[in-house]
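The values are calculated or read from the model by the stated rules, or taken from the named source; none is laboratory data. These numbers come from a predicted model, not from an experiment. Positions of Cβ are generated from backbone atoms using ideal geometry, with glycine treated the same way; all protein chains shown enter the neighbour counts. The accessibility values were calculated without ligands, DNA or RNA, using every heavy atom of the protein model including side chains. Shrake-Rupley method; radii C 1.70, N 1.55, O 1.52, S 1.80 Å.
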Amino acid sequence: MPASLDAARRHLKAGNGGYVLIGGGTGFTFSAPKYIRGIIDLSKAGLDYITNAGDGIHIGAAAPLGTLLKNPLLKKYCGGVIGESVLTIATTPLRNLITVGGNAVQVFIWSSLPVLFLALDAQFVTIGGRRRIFKADEFFKSQPRRQMGEEAILKEIILPRQKPSSAAAFLKFSKTETDFALLNIAVYVSIARNKCHETRIALGAATPLPIRLTAAEEALKGEVLTEDNIALAAGAGADMVNYLKDMRVLDGYKKQAAPALIRRCIQMAVERAKAKSKA
Amino acid sequence: MIVNLNINNQERQVEIKPAERLIDVLRREGFFSVKEGCRKGNCGACVVLLDGSPVNSCLIFAARCEGRRIETAESLGSTENLHPLQKAFLDEGAIQCGYCTPGMLLSAKGLLNENPHPAEDDIKKALDGNLCRCTGYVKIIKAVQKAAEAIGKTR
Ligand SMILES: Cc1cc2nc3c(=O)[nH]c(=O)nc-3n(C[C@H](O)[C@H](O)[C@H](O)COP(=O)(O)OP(=O)(O)OC[C@H]3O[C@@H](n4cnc5c(N)ncnc54)[C@H](O)[C@@H]3O)c2cc1C
Ligand code: FES
Ligand code: FES
C-alpha cells in the first residue's frame with residue numbers, strides 16, 4: 001500500500017506488468033485481471049483530494065464517490081451536476097468504495113462519470129505513461145488504459161472553471177434507481193445573449209464507449225434555446241447512434257426512447273443556465 | 001501477512017492472506033453477524049462500518065483496512081442492553097428472517113452518525129444498498145425514524 005504517488009509508480013514498474021492498481025477495488029467483481037502477482041492499493045497514496053486551483057477543480061483519482069457528494073465546491077459546480085450523476089452510481093456503501101479514478105479508467109457500458117466528463121470537457125492528468133494530460137474526448141476514444149499506457153497512473157481529473165451563464169445536467173434512465181443504466185445522458189450548455197453559446201452533449205449505455213452527440217450540438221450552437229429547437233437537436237443527436245442490443249429491452253427501444261430523454265436533459269441544463277444568468 | 005485492525009473498539013493483530021476479503025476475515029474471527037448474500041456488492045448483507053461509513057465487506061480486501069476502525073453488528077448492543085436501532089427494529093416488526101438485519105442496522109447507524117435527524121428520503125437513500133426479501137421496507141424505515149427520535153431524546 002504505497003504512501004505516495006511516486007512509491008506507487010515505483011511498485012508498478014517493479015511489477016513488470018504483473019501488478020495491478022486499485023482505487024476502490026470494486027471493478028474486480030466484473031473483470032478480475034487474469035495474471036496478477038500483486039495489487040497496488042492507491043488509498044494511502046495521497047490522491048483523495050478535491051481542491052480549487054486557477055484552472056478549475058482538481059479531484060484526486062482515489063477520492064471515493066461518497067466524498068464527492070459532501071464537497072462544498074462540487075455541490076456548487078455547474079448547478080450541482082456532480083452530485084446528480086454520482087447518485088446514479090450503485091448504492092451508498094458502494095459509493096464509499098468506488099473511486100472517481102476507477103470509474104473513469106475502466107469504462108463499462110453502464111459507467112456514469114465518463115459520460116459526464118465528456119460533457120464537462122474534463123482533463124485527465126496521468127503520470128508514468130505516454131502523455132501527461134488528456135482531454136476527455138481523447139481519453140474515452142478507446143478504453144482509457146489503452147490511451148494512458150500500461151504503466152500510467154491517473155493522478156487527477158480537472159473540471160474546467162465554470163463560465164457565467166453555464167450549467168449542466170445528468171440523466172440516468174434505468175428500470176430501478178440502482179439498476180445499471182439503459183441510457184445515460186449528460187449535457188453542458190452556456191448561454192450568451194439568449195442564445196446557445198457552447199454545448200456538449202454526451203450519451204452512454206448505448207454504445208460500448210460513451211460518445212458526443214455532435215449532430216445535436218451543432219443543431220443548437222448559436223440558436224435561441226426554444227423547446228422546438230431543443231427537440232430538433234435531440235432528435236438529430238439520437239439519430240446518429242448505432243444502438244447496441246440490450247437483453248433487458250426490445251430491439252429498437254433505446255432508439256425510440258433516446259430523443260425524449262436527450263431533450264429532457266438538454267432542457268434541464270438550459271433551465272439551470274437561464275436561472276444562473278438571471279441571478 | 002499481519003494486519004492491525006480495530007474491530008468493535010478492540011485492537012487486533014490478524015493473520016491474513018494478501019488477497020483475502022474483509023468479510024472472510026471477519027467471519028473467521030467470529031463476527032458471524034456479517035453475512036454473505038451475493039458476494040458482488042448487490043445485496044448489502046455484508047455491510048460493516050469502516051471508519052464510521054458503511055461499505056460492502058465482500059468487495060474490500062482486508063489488507064486495505066490496516067489501522068482502520070471496523071464496526072460489525074456485534075458492537076451495537078447486547079440482549080440485555082439493546083442499541084436504540086435494535087430495539088426499534090424489534091418494536092416495529094422490521095425483522096423477519098433476519099438475514100439482512102445486521103447490514104440494515106449498520107447502514108442506518110452510518111446515516112445517524114452523519115445525520116441524526118434524517119428525513120424519510122434520507123433514510124431511503126442510505127438504505128439503497130440493503131435488500132430485504134421479507135419485510136417490504138416500510139417497517140424498516142419506520143424503525144430507523146423511531147431510533148433517530150429515541151437517540152435524539154437521550155442526547
Ligand atoms: C453492484 C454494482 C453496481 C454498480 N453500478 C454502477 C452504475 O450504475 N454506474 C457506474 O458508473 N458504476 C457502477 N458501478 C461501479 C463500476 O462498475 C466499477 O465497479 C467502478 O467504477 C470501479 O471503480 P473502483 O474505484 O472500484 O476501481 P477499481 O476496481 O479499483 O479499478 C478499476 C480499474 O481501473 C484501474 N485504476 C483504478 N484507479 C486507477 C488509477 N488512479 N490510475 C490508473 N488505473 C487505475 C484499475 O487498475 C482497474 O483496472 C457498480 C459497481 C457494482 C459492484
Ligand atoms: S454479500 Fe456483499 S453485497 Fe451481497
Ligand atoms: S428480514 Fe429477511 S431478508 Fe430482511
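Against the test of being loosely packed, with under 12 Cβ neighbours inside 10 Å, away from ligand 3 (no atom under 16 Å from the Cβ) and either without any contact (Cβ under 8 Å) to a residue 40 or more places away in the chain or among the charged types (D, E, K, R) (or both), the options A:R37, A:R10 yield a single qualifying residue, A:R37. Residues satisfying the criterion are absent from the stretch B:34-42 (criterion: away from ligand 2 (no atom under 13 Å from the Cβ) and touching a residue at least 24 places away in the same chain (Cβ under 8 Å)).
Restricting attention to the stretch B:60-98, the residues being away from ligand 1 (no atom under 16 Å from the Cβ) and in a loop (DSSP other than H, G, I, E, B) number 19. Only residues that are more than 18 Å from the chain's Cα centre (by Cα), within 17 Å of A:L47 (Cβ to Cβ) and surrounded by 18 or more Cβ atoms within 10 Å (Cβ to Cβ) were counted in the stretch A:141-169, giving 1. Within the set A:R248, A:R200, the sole residue that is open to solvent by 50 Å² or more (accessible area, probe 1.4 Å) and either out of contact with any helix residue (DSSP H, G or I) (no Cβ under 9 Å at 6 or more places or on another chain) or within 17 Å of A:L120 (Cβ to Cβ) (or both) turns out to be A:R248.
One line per residue, one yes/no per condition, for (1) aromatic (F, W, Y); (2) farther than 27 Å from B:M104 by Cα; (3) out of contact with any Gly (no Cβ under 6 Å at 6 or more places or on another chain):
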| position | (1), (2), (3) |
| --- | --- |
| A:L12 | no, yes, yes |
| A:R37 | no, yes, no |
| A:G60 | no, yes, yes |
| A:N71 | no, no, yes |
| A:Q106 | no, yes, no |
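Residues that are facing chain A (nearest Cβ under 9 Å) and within 16 Å of ligand 1 (Cβ to nearest atom) within the stretch B:99-144 comprise B:G103, B:S107, B:K125, B:L127, B:D128, B:G129, B:N130, listed in sequence order.
Can you report the number of residues in the stretch B:59-68 which are open to solvent by less than 10 Å² (accessible area, probe 1.4 Å) and more than 9 Å from every other protein chain (Cβ to nearest Cβ)? Here the count works out to 2.
Just one of B:K109, B:K35, B:K40 is under 16 Å from B:V144 (Cβ atoms) and open to solvent by 10 Å² or more (accessible area, probe 1.4 Å); which is it? Residue meeting the stated conditions: B:K109. Each residue in the stretch B:1-32 was checked for being open to solvent by less than 10 Å² (accessible area, probe 1.4 Å) and within 27 Å of A:D179 (Cα to Cα), and 2 of them qualify. Could you list all residues from the stretch A:115-144 that are among the polar types (S, T, N, Q) and either assigned by TED's automatic domain parsing to the domain that holds A:A186 or touching a Leu at 6+ places or on another chain (Cβ under 6 Å) (or both)? Across the stretch A:115-144, the qualifying residue is only A:T126. Just to be sure before I move on: is B:F89 buried (at least 20 other Cβ atoms within 10 Å of the Cβ) and either in contact (Cβ under 8 Å) with a residue 60 or more places away in the chain or away from ligand 3 (no atom under 11 Å from the Cβ) (or both) in the structure I sent? For B:F89, the condition - buried (at least 20 other Cβ atoms within 10 Å of the Cβ) and either in contact (Cβ under 8 Å) with a residue 60 or more places away in the chain or away from ligand 3 (no atom under 11 Å from the Cβ) (or both) - is not met.
Every residue, every condition in (1) within 16 Å of ligand 2 (Cβ to nearest atom); (2) in the same structural domain as A:K255 (by TED's automatic domain parsing), yes or no:
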| residue | (1), (2) |
| --- | --- |
| A:G80 | no, no |
| A:E84 | no, no |
| A:T92 | yes, no |
| A:I98 | yes, no |
| A:V107 | no, no |
| A:L113 | no, no |
| A:R146 | no, no |
| A:Y188 | no, yes |
| A:R193 | no, yes |
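Scanning the stretch B:126-140 for residues that are over 16 Å from B:Q86 (Cβ atoms), part of a helix (DSSP H, G or I) and over 15 Å from the mean Cα position of the chain (by Cα) gives a single hit, B:V138. Determine whether the stretch B:71-82 contains at least one residue that is under 12 Å from the mean Cα position of the chain (by Cα), more than 10 Å from every other protein chain (Cβ to nearest Cβ), surrounded by 15 or more Cβ atoms within 10 Å (Cβ to Cβ) and within 26 Å of A:I22 (Cβ to Cβ). Yes. Pairs linking a residue in the stretch A:171-189 that is in a strand (DSSP E or B) to a residue that is polar (S, T, N, Q), with Cβ atoms under 6 Å and 6 or more positions apart or on different chains, are A:K172/A:T88; A:K172/A:N184; A:N184/A:S112; A:V189/A:T199. Which one of these does B:M104 not meet: (1) part of a helix (DSSP H, G or I); (2) of a type outside the set (G, A, S); (3) away from ligand 3 (no atom under 16 Å from the Cβ)? Among (1) part of a helix (DSSP H, G or I); (2) of a type outside the set (G, A, S); (3) away from ligand 3 (no atom under 16 Å from the Cβ), the lone unmet condition for B:M104 is (3). Screening B:L49 on (1) free of Cβ contacts under 8 Å to residues at least 40 places away in the same chain; (2) more than 16 Å from ligand 3 (Cβ to nearest atom); (3) buried (at least 21 other Cβ atoms within 10 Å of the Cβ) shows it passes everything except condition (1).
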